[in-house]
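Every number here is computed from the coordinates shown, using simple stated rules; none is lab data. Here the structure is a predicted model, which means the values were calculated and not measured. Here Cβ is always computed from backbone atoms with ideal geometry, including for glycine, and neighbour counts include all displayed protein chains.
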């Protein structure tokens, strides 16, 4: 198994109100260091089927295997024999343990369960969120992992939905409404929100403020991967985007996002065959400017720490309404390119 490190102690803080939710939470409230039992949904295979991107589902999953190994570790020899994508996380978290996994490819799910010591391979996504303390819905390439959220939320199981929350604002708003209706803890976010460089940038921004312009860059499709680039801006500036005007072209997006305050965001997202953009963010303030190319080491561990903070400490790091707005801003940017005009976010709901 990979070596274990513990960046934070996830015990003994504000857990009394959670004790009734599950035996594991009750044990944590009483000081018994049993990790949360986690169900990993749609976590063993990957295939794109959104928009014009159609690729068959194949064994392996970047996020699914990374999340599993962060909590459970892995058997090195078995991992070498796995036929498919398998990401071995270097950093371990002790606040949870994956006890169930489900995927439409049950053979791949069984293989990952064997490598990572996951006790149960569920037959359905609904079974995967039964009898657990938290659910992780994994980015599986479909952009539709949000559809698995309802079963967990209605069962009162704290739920993390991997990026993107949805491919449209209406779909994202649907999930947010179920979370509000049920009162179940829910989180969705890009991992780039939580890497130390971006957290520090938010702290440093005050020294050059007020911020008047923010530029962010990143690779990939505008909605599906552009969420990473835009999430850096949201992590630093918060919400408040009201419209989008995309003056770029398909595969090379240049979108001006107008905010309620006096700070605009310029979002540049490019397909790999058109531009080799890395992730970067630059802030232009009245007193200077700051630029960061974030170090992405251990980025999934920081993300999952934030989710554990929500489950165990009631710490909301990303309000669901803000994540819905972020999806709406990306969708408005895509629609702006298609219509050749500025699109107000209200239009996409």
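Most simply put, the range 16-162 has about 20% antiparallel DSSP beta bridges, counting only bridges with both residues inside it. For the range 16-162, the relative contact order comes to 28 percent (Cα pairs under 8 Å, sequence separation of at least 6). The C-alpha atoms of the chain define a longest principal axis, and helix 320-339 lies at about 50 degrees to it.
Secondary structure note: in the chain, about 50% of the DSSP beta bridges are antiparallel. If the segment from residue 110 to residue 177 were pulled out straight at 0.36 nm per residue, it would be longer than the present Cα-Cα gap by 20.8 nm. Put a dot 7 Å past each Cα toward the Cβ at residue 287 and residue 260; how far apart are the dots in nm? Between residue 260 and residue 287, the label points sit 2.5 nm apart.
A protection proxy built from the mean count of other Cβ atoms within 10 Å ranks the segments 34-46, 203-215, most packed first, as 34-46, 203-215. Here's the picture: a label point sits 7 Å out from the Cα of residue 335 along the beta-carbon direction, and within the range 133-175 the residues with their amide nitrogen under 15 Å of it are 167-174. Backbone N atoms of the range 271-292 closer than 19 Å to the 7 Å Cα→Cβ label point of residue 58 belong to residues 272-273.
As a length-normalised measure over Cα pairs under 8 Å and 6 or more apart, the relative contact order of the chain settles at 16 percent.
Taken along the Cα-to-beta-carbon direction at a fixed 7 Å, the label points for residue 208 and residue 170 span 4.0 nm. A Förster radius of 41 Å combined with the Cβ-Cβ distance from residue 275 to residue 78 puts the calculated FRET efficiency at roughly 0.60. Between residue 252 and residue 130, the modelled label-to-label distance comes to 5.4 nm, taking each label 7 Å out from Cα in the direction of the beta carbon.
Taking all Cα pairs closer than 8 Å and separated by 6 or more residues, the relative contact order of the range 102-159 comes to 29 percent.
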